[in-house]
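Structure first, commentary second.
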Amino acid sequence: MEELVEYIVKNLVDNQDAVKITTEREGSEINIIVNVADEDVGKVIGKNGRIAQSIRAIVRSVSSKEKIRYNVKINK
């Protein structure tokens, strides 16, 4: 799942080298934390958060068969 989020985010930003994806497990949930360069945060979040919502929807749809819940968090 981490690779999927990394692929999507790297294709959205200008500074691909600054993209860092980490995961933290909390019980039955896995948090995928996205860190990007300051100038690319708006490109990942999108207008009114639509791109971030789309990324989360893709992750939910891919992981719907698993009993693990994935959360995508974008650090500003």
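Mind checking whether some residue in region 63-70 is touching a Phe, Trp or Tyr at 6+ places or on another chain (Cβ under 7 Å) and touching a residue at least 60 places away in the same chain (Cβ under 8 Å)?
To start, the set of residues in region 63-70 that are touching a Phe, Trp or Tyr at 6+ places or on another chain (Cβ under 7 Å) comprises 63.
Now restrict to residues that are touching a residue at least 60 places away in the same chain (Cβ under 8 Å): 63.
Looking for residues that are touching a Phe, Trp or Tyr at 6+ places or on another chain (Cβ under 7 Å) and touching a residue at least 60 places away in the same chain (Cβ under 8 Å), one finds at least one in region 63-70, hence yes.
Would you check which residues across region 39-62 are open to solvent by 30 Å² or more (accessible area, probe 1.4 Å), in contact (Cβ under 8 Å) with a residue 24 or more places away in the chain and closer than 18 Å to K76 by Cβ and list them? Explain how you work it out, then say what you get.
Start the filter on region 39-62 by keeping residues that are open to solvent by 30 Å² or more (accessible area, probe 1.4 Å), which leaves 39, 42-43, 45, 47-48, 50-51, 53-54, 56-58, 60-62.
Next cut, in contact (Cβ under 8 Å) with a residue 24 or more places away in the chain only: 39, 43, 45, 51, 58, 62.
Result: E39, K43, I45, I51.
Out of all the residues in region 24-58, which are aliphatic (A, V, I, L, M) and within 11 Å of the chain's Cα centre (by Cα)? Step through it out loud before you land on a result.
As a first pass, look at region 24-58 and keep what is aliphatic (A, V, I, L, M): 30, 32-34, 36-37, 41, 44-45, 51-52, 55, 57-58.
Those that are aliphatic (A, V, I, L, M) and within 11 Å of the chain's Cα centre (by Cα): I32, I33, V34, V36, V44, I45, I51, A52, I55, A57, I58.
Taking the condition part of a helix (DSSP H, G or I) and on the phi < 0 side of the Ramachandran plot, does E3 pass?
Details: part of a helix (DSSP H, G or I): yes; on the phi < 0 side of the Ramachandran plot: yes.
Answer is yes for this residue.
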Original post:
If we scan region 59-66, do we find a residue that is within 12 Å of the chain's Cα centre (by Cα) and either aliphatic (A, V, I, L, M) or part of a helix (DSSP H, G or I) (or both)?
Top reply: yes
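If you take the residues of region 3-26 that are acidic (D, E) and over 20 Å from K76 (Cβ atoms), which of them is modelled with the highest pLDDT? Can you show your working first?
To start, the set of residues in region 3-26 that are acidic (D, E) comprises 3, 6, 14, 17, 24, 26.
After this cut, where a residue has to be over 20 Å from K76 (Cβ atoms) as well, the list is 3, 26.
Working: E3: 95, E26: 90.
Here the residue is E3.
The values are calculated or read from the model by the stated rules, or taken from the named source; none is laboratory data. Bear in mind the structure is a predicted one, so any value in this text is a computation, not a measurement. Every residue, glycine among them, receives a Cβ derived from its backbone with ideal geometry; neighbour counts consider all protein chains shown. The accessibility values were calculated without ligands, DNA or RNA, using every heavy atom of the protein model including side chains. Shrake-Rupley method; radii C 1.70, N 1.55, O 1.52, S 1.80 Å.
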